[in-house]
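S.K.: My questions all concern the structure below.
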Amino acid sequence: MTAALLIFLRLYAATAGAHVDFKTQIRPILEQRCQPCHFAGGKMYERLPFDRRKTITRLGTKLFTRIRDEKQRELIRQFLASAK
Ligand code: HEC
C-alpha cells in the first residue's frame, strides 16, 4: 500500500505536478546565456532583470525568441505552468 502510494507520487511529480525551481533550474540557464545585459550592471537590467522570477513569468514564452534549445524551453514551460 505504502509502496504503491510512493510510486504514484513519484510518477505524479515527474509529470503534471513537476515543480521547477526558479533559482536552481531557470536562473542558471539565463545566467549562462543572457549575461551581461539582463543582469546587474548590464544595459537591460533596469527594464528586464533576469534574476527576478517576476520578469520571467511576465515575459513568458516571449523568451523563446532568444531561447531555442528545446530542453531549456520545456523547463521554462514547466516553470511558467507551475508559477501561476
Ligand atoms: C548583448 C546584450 C543582450 C543579451 C546577451 C541578451 N539581451 Fe535580451 N535584450 C537586449 C536589449 C538591448 C533589449 C531591448 C531591445 C530589444 O528588444 O532588442 C532586449 C530585450 C529582450 C526582450 C524583450 C523584447 C522582446 O524581444 O520581446 C526579451 C524577451 C529578451 N531580451 C530576452 C533575452 C534572453 C532570453 C536572452 C538570453 C538567451 C537575452 N535577451 C540576452 C540585450 C541583450
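The values are calculated or read from the model by the stated rules, or taken from the named source; none is laboratory data. What you see is a predicted model; the values in this text were computed from it and never measured. Every residue, glycine as well, gets a Cβ built from its backbone with ideal geometry; the counts of neighbours run over all protein chains shown.
S.K.: From 18, 13, 3, grab the single residue that is more than 16 Å from residue 67 (Cα to Cα), more than 16 Å from the ligand (Cβ to nearest atom), at pLDDT below 95 and in contact with a helix residue (DSSP H, G or I) (Cβ under 9 Å, 6 or more places away or on another chain).
M.R.: After ruling out the rest, the residue left standing is 18.
S.K.: Another question, then. Can you pull out every residue in the range 32-58 that is more than 23 Å from residue 84 (Cα to Cα) and either of a type in the set (Lys, Arg) or assigned to a helix (DSSP H, G or I) (or both)?
M.R.: Of everything in the range 32-58, those that are more than 23 Å from residue 84 (Cα to Cα) and either of a type in the set (Lys, Arg) or assigned to a helix (DSSP H, G or I) (or both) turn out to be 32, 33, 43.
S.K.: Could you please give the count of residues in the range 32-46 that are more than 9 Å from the ligand (Cβ to nearest atom) and among the aliphatic types (A, V, I, L, M)?
M.R.: Counting residues in the range 32-46 that are more than 9 Å from the ligand (Cβ to nearest atom) and among the aliphatic types (A, V, I, L, M) gives 1.
The rows are residues; the columns are (1) acidic (Asp, Glu); (2) surrounded by fewer than 12 Cβ atoms within 10 Å (Cβ to Cβ).
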position	(1), (2)
51	yes, no
67	no, no
71	no, yes
79	no, no
